[in-house]
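The values are calculated or read from the model by the stated rules, or taken from the named source; none is laboratory data. Owing to the predicted nature of the structure, the values given are computational and were not obtained by experimental measurement. Positions of Cβ are backbone-derived with ideal geometry, glycine not excepted, and every protein chain shown enters the neighbour counts. We work out accessible area using only protein heavy atoms, side chains counted, and drop any ligands, DNA or RNA first. Shrake-Rupley method; radii C 1.70, N 1.55, O 1.52, S 1.80 Å.
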Amino acid sequence: MEFERTIIITGGAGFIGSHVVRLFVNKYPEYKIINLDKLTYAGNLANLKDVEDKPNYQFVKADICDYESIKEIISTNNVTGIIHLAAESHVDRSIVDPFTFARTNVMGTLSLLQAAREFWEPKGWAGCRFYHISTDEVYGALELTKPEGDPDAKECGGGPFGDDFFTESTKYQPHSPYSAAKASSDHFVRAYHDTYGMPTLVTNCSNNYGPFQFPEKLIPLFINNIRHRRPLPVYGKGENVRDWLYVVDHARAIDLIFHEGKIGETYNIGGFNEWKNIDLIKVLIKTTDRLLGRPEGSDDDLITFVTDRKGHDMRYAIDSTKLKEELGWEPSLQFEEGIEKTVKWYLENQDWLDNVTSGDYMKYYEQMYK
Ligand code: NAD
Ligand code: DAU
């Protein structure tokens, strides 16, 4: 079958990557979509069951750090677009094991950039795009200058919790090994644009939530714990603020920016939806209990304050005005609707949660692709 173009999506078996793969495979039957993923603990092909038989989808098991293999995959498939999501993504793990984060997030990104350059530069970069998916954490942390939030704010959660936001020109000031590694990869992507003229795009997004997120991250971990009446480990006093975006809205933004974003530019992606952790956790308990038919308040005592995360960033808040004004993107889903859908999905997909936490799926796929 002839395709108009071939695109690699790295990290397509992970949380956000699987939503991006699904969107591209369904929306662009004229593109061949290669999901390139190493299948670490966070990668799970079960996330893509609904598209795995589509003629324009292909899975390739590979490590982005394996420069020779990546070069081969790019050239044999005549790849003209790369949407790069593969990364080690969990801050707590990065505090325990920073080397793995430097290897994958920095060296892996560099290896991908160089492999693409080898193939694209001799063709004058014609029709090529390297789109790097990054995070708001590279900007560091904002203060809580309005600890009670803005009483006039229409947004849920009581936010915004300050007058300042991360913009595309905010200075990079990463604090965790995870965000330091992501910041470094962003710099390499810009360096390839500025030095070699590679057509690049970078986006920095706020916290995502939704189906298929590995249950080490706050929202899926806590929904699963509430269901099983396990303690909910709240770091510090639960006062830290995160800015939450439904994952499908992030995937929609990626699609728009990949096709219409201005080469060499950075765009921030976020929903102006700030929540203090403790308020969000109360919503999770209330929603989960209601959907399970438990009386309101019956699981409030699961909240357990524990030792704070080392170097815990206080507040993230993204200003995505540029993306709205230049490309017309806005989140499509209100937070109440998004969180309802998300809690429902985890409650209805206990098997998925059990599989990813037991490690069974890893054994299965390791055998299949060894
Ligand atoms: P995830 O941990 O769920 O998935 C990461 C995927 O990358 C997995 O499928 C894993 O197998 C794959 N991978 C890891 N190392 C690899 C390697 N060496 N080679 C090939 N594949 C490898 O991550 P996520 O939460 O979906 O995040 C995806 C991207 O988006 C990351 O780059 C992350 O920094 C960024 N991001 C995430 C969020 C968020 O809230 N989750 C917000 C902003 C940006
Ligand atoms: O901002 C974007 C980033 O969001 C992404 O780049 C990261 O890949 C993603 O993991 C996420 O990072 P956070 O550290 O903000 O997400 P996490 O779900 O780990 O934690 C959210 C907040 O909840 C944070 O303030 C820490 C707190 N927390 C988390 C866990 C797992 C707890 O209080 N208890 C917990 O058990």
Within segment 215-251, residues being surrounded by fewer than 20 Cβ atoms within 10 Å (Cβ to Cβ) and assigned to a loop (DSSP other than H, G, I, E, B) number 11
Being out of contact with any strand residue (DSSP E or B) (no Cβ under 9 Å at 6 or more places or on another chain) and charged (D, E, K, R) is the filter here; which residues of segment 165-193 pass it? Lys171
Within segment 102-110, is even one residue in contact (Cβ under 8 Å) with a residue 40 or more places away in the chain, open to solvent by 30 Å² or more (accessible area, probe 1.4 Å) and within 16 Å of ligand 2 (Cβ to nearest atom)? yes
Working only within segment 316-325, note down all residues that are over 18 Å from Lys276 (Cα atoms) and in contact with a Phe, Trp or Tyr (Cβ under 8 Å, 6 or more places away or on another chain). Ser320, Lys322, Leu323
Does segment 248-305 hold any residues that are in contact (Cβ under 8 Å) with a residue 60 or more places away in the chain, touching a helix residue (DSSP H, G or I) at 6+ places or on another chain (Cβ under 9 Å) and among the polar types (S, T, N, Q), and which are they? Thr266, Asn268, Asn273, Thr288
Go through segment 198-214 and count every residue that is more than 19 Å from the chain's Cα centre (by Cα) and either within 11 Å of ligand 1 (Cβ to nearest atom) or part of a helix (DSSP H, G or I) (or both). 0
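If I ask for residues that are farther than 30 Å from Val96 by Cα and open to solvent by less than 50 Å² (accessible area, probe 1.4 Å), which ones from segment 168-199 would you list?
Tyr192, Gly197, Met198, Pro199
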What are the residue pairs meeting all of these: first residue in segment 63-92, first residue closer than 21 Å to Ser176 by Cα, second residue among the acidic types (Asp, Glu) and part of a loop (DSSP other than H, G, I, E, B), Cβ atoms under 8 Å, and 6 or more apart or on different chains? His90/Glu216; Asp92/Glu216
Restricting to helices (runs of 4 or more DSSP H) lying wholly in segment 72-127: which have 3 or more residues that are near ligand 1 (Cβ under 10 Å from one of its atoms)? 109-120
